[in-house]
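The values are calculated or read from the model by the stated rules, or taken from the named source; none is laboratory data. Everything quoted here is computed from the prediction, not taken from an experiment. Neighbour counts are summed over all protein chains in view; Cβ atoms, including those assigned to glycine, are modelled from backbone coordinates with ideal geometry. Areas reflect the complete protein model, heavy atoms only, side chains present, ligands, DNA and RNA absent. Shrake-Rupley method; radii C 1.70, N 1.55, O 1.52, S 1.80 Å.
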Amino acid sequence: MGEALGLARSYVLLAATWVRAAAQYPLSMAMLTIGSFVVTCLDAAAIVVIFVHTETLGGFSLPEVMFLYGTAGVSFALADMLFGNVDKLGQHVRAGTFDTMLIRPVSPFVQMAVDRFAFQRVGRVLQAAIVLAVALARLHVPWQRAWMIPVMVLCGIVLFTAMWTLGGALQFLLTEAPEIANAFTYGGGQLTQYPLSVYGGELVRAVTFIVPLAFVNWQPALYVLDRPDPFGLPYWLRFAGPVAAVTLACAAGWAWRAGLRRYRSTGS
Amino acid sequence: MIEVDGAGRSFTVTRRKGLLRREREVVHAVSDLSFQIAAGEFVGYLGPNGAGKSTTIKMLTGILAPSAGRIRVAGLDPSRRRTALARHIGVVFGQRTTLWWDLPLKDSFTLIRHLYKVDQVRHRERLAELSDVLELGPFLDKPVRQLSLGQRMRGDIAAALLHDPPVLILDEPTIGLDVVSKAAVREFLRGVNAERGTTVLLTTHDLGDIERLCRRVMLIDHGRLTFDGTLDALRATVPEETSIEDVVTRLYTRTAEPR
């Protein structure tokens, strides 16, 4: 626990140094933040456009879809801002910068995650948080079920981070592998923006039991929104988010360590 | 300070043979390497390209785990206690920087301060001292990518010493430097070793570095240590040659032949 706190402290101090360096160009920083906010707003606008043509999407109303979009969006954007860099391992290995991380007394995982910490990505977090707030204002979720919302956002962050870590770990073996991980992280980010009921049953089973993307928002949201599962999966799955998150995180941690042991560096 | 006992590192290389057939081959980058370096020594590590110098450095710093033998640096096993060891050693890679390209030099130093958890007062003192001797003042505010190679190298050396390590390991610190920068770097390294008692191990292809700095020379070839002794002893191995360049050339070409 003390070790984890030490790492978190290092992360914050290093991130702060990057932010301060970027803040020397305040206009550029403001533009980038606004830019990331606006671009992601277009994303949300697409959902509104869909609802101009139809009353429901996969059996869900507009505020419900916004709820799914907002929870997945906040998880994804926060995970991306804090740990999204971890999948750049291949680049670091090829450039030799990974060696320089290994001679520092802080875990290379933290160093990679915080490298060029981009505060402007907070624009996307903000956009998703606003969509979530609007959805909640229109949904009137009773407080007995609202406790699940912070839990699901947290599990979502852990799940996305674990996927990036697995993607990074894979690059210890295949330095050109970031695209594989992106299919699950960025792809997963897109997938979870909509109710899974718009997809086929096979895909939903795959993202429930194989790549646990369904636990980012879909399963817990069924609980929050008090909806029956359109695919008839067991009720208890709605509470399985933390188990899925911890399991995937352990697998990712193991893969990372195994990869690090296997690391062979480059020439010169 | 540094103990290496029978250390070796081999790599399995898979080579493509036709469309699907692969051939596995074991390459020994370093084999059966043994030496000891006491505190306060200044040791030069010589060897032709691909002889295993960088592999040795990587094993000493914990980047690579040895596949055989035992290594201790500052009493620690580098590959198992890598992060703990990092506090006791400073490392400079001449071929690449450990600084951040887009950050001003002084911001790079701040990041390093946080990585090593040096407290602010000590950091400021140490930085003032280093920037005074290495004359970093004029370019502390410049992004690293805009520095000349000589300036960058001085920045890198300062970065390696900010946490005041007892051991300094340098992989080709004078590569590509002009005579003036080279002299500045050498003078500084001599000072660090003489005044602070820092143990220094450096690899180089520049025999001037060796002649001016190192009391002891180790020579590696084909992954094996072929010489370990004083500079005079090295000269004496080939008595008919007078310049150190010629001596080393003879040694490199001689050991390349099958024994």
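Observations on the structure shown:
- Scan of region B:99-125 for residues that are of a type outside the set (Val, Ile, Thr), in a helix (DSSP H, G or I) and within 14 Å of chain A (Cβ to nearest Cβ), ordered by number: B:105, B:106, B:107, B:108, B:109, B:111, B:113, B:114, B:115, B:116, B:120, B:123
- Close pairs from region A:92-103: first more than 9 Å from chain B (Cβ to nearest Cβ), partner surrounded by fewer than 19 Cβ atoms within 10 Å (Cβ to Cβ) and outside any helix (DSSP H, G or I), Cβ under 6 Å, at least 6 apart: A:93/A:175
- Only residues that are over 24 Å from the mean Cα position of the chain (by Cα) and open to solvent by less than 20 Å² (accessible area, probe 1.4 Å) were counted in region A:230-241, giving 0.
- Residue match in region A:66-84 (condition: touching a Ser or Thr at 6+ places or on another chain (Cβ under 9 Å), away from chain B (no Cβ under 14 Å) and over 23 Å from residue A:133 (Cβ atoms)): yes
- Hey, residue B:177 under 23 Å from residue B:7 (Cα atoms) and buried (at least 20 other Cβ atoms within 10 Å of the Cβ) or not: no
- Residues that are surrounded by fewer than 13 Cβ atoms within 10 Å (Cβ to Cβ) and at pLDDT 80 or above number at least 2 in none of the strands (runs of 3 or more DSSP E) confined to region B:184-259.
- One residue from B:51, B:84, B:128 being assigned to a helix (DSSP H, G or I), more than 9 Å from chain A (Cβ to nearest Cβ) and either closer than 30 Å to residue B:234 by Cα or modelled with pLDDT of 90 or more (or both): B:128
- Annotation note: Cβ proximity below 8 Å between a residue of region B:175-191 that is at positive phi and a residue that is not in a helix (DSSP H, G or I) (sequence gap 6+ or interchain) occurs for B:176/B:94.
- Single match in B:43, B:92 (criterion: in contact with a Cys (Cβ under 8 Å, 6 or more places away or on another chain) and surrounded by 18 or more Cβ atoms within 10 Å (Cβ to Cβ)): B:43
- Residue match in region B:62-73 (condition: more than 10 Å from chain A (Cβ to nearest Cβ) and open to solvent by less than 10 Å² (accessible area, probe 1.4 Å)): yes
- Selected residue [more than 9 Å from chain A (Cβ to nearest Cβ), open to solvent by 40 Å² or more (accessible area, probe 1.4 Å) and among the acidic types (Asp, Glu)] from B:77, B:32: B:32
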